[in-house]
Amino acid sequence: MAGYGRIINISSVAGVIGLKHCAAYSAAKFALEGLSLAVAHEVGQFGIRIAVVSPGFFRTDLLASTNVKYAESSIEDYAAEGTAAAMWSRYDGQQTGDPAKLGEVLVKLGTMENPPKQFMAGGDAVDTVTPVLEAGLEEIRAFDALSRTTDGSF
């Protein structure tokens, strides 16, 4: 019996492509992406649609120095590329996403008959994710023949 329902899971660009200086966060968001896509197959027959929203950077206090604690790096080789604190602090107050507009989009997604399975929220999210996914598709195609050599001839 088909019903109706919507589940919107909030992920991150980090859960689509992985981001430097936040491997554990990226891993958790990748897991949410995978869980959401898998559960969507299971509940779709009941009219339940799942959308995973992957925001870019939104103008919140998330990156404010009073809200973030960074681990000290004990690996000298990382020093040359800079610290996580230095990298992320540059974004604080510079985020292009408007949280109120994201809220409006979430309401729209929740009322769509067929919401996207994966939605990149923000121009920065689209601009960051698109070339990475396109490169991944190119790599799959480039190694298609090698991939197929693993097929058995049973």
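General observations
- Exposure proxy ranking for T111, T128, T150, based on other Cβ atoms within 10 angstrom of each Cβ and starting from the fewest, stands as T150, T111, T128.
- Cut-off 15 Å between beta-carbons: net charge of the residues surrounding V132, Lys and Arg +1, Asp and Glu -1: -4
- Each residue in S11, S147 was given a count of other beta-carbon atoms within 10 angstrom of its own, and listing them fewest first yields S147, S11.
- For I7, distant residues with modelled amide H under 5 Å away: R49, I50, A51
- Radius 11 Å from Cβ of G122, net charge of other residues (Lys, Arg +1; Asp, Glu -1): -1
- Computed E for R148/A38 - FRET, C-beta separation, R0 22 angstrom, nearest 0.05: 0.30
- A24/I48 FRET efficiency (R0 35 Å; Cβ-Cβ; nearest 0.05): 0.75
- Distance in nm between pseudo-label sites at E104 and Y91 (7 Å out along the Cβ direction from Cα): 2.4
Every number in this text was worked out from the coordinates using simple rules, so none of it is lab data. These figures come from a predicted structure and were not determined experimentally. We place every Cβ from the backbone using ideal geometry, glycine too, and count neighbours over all the protein chains shown.
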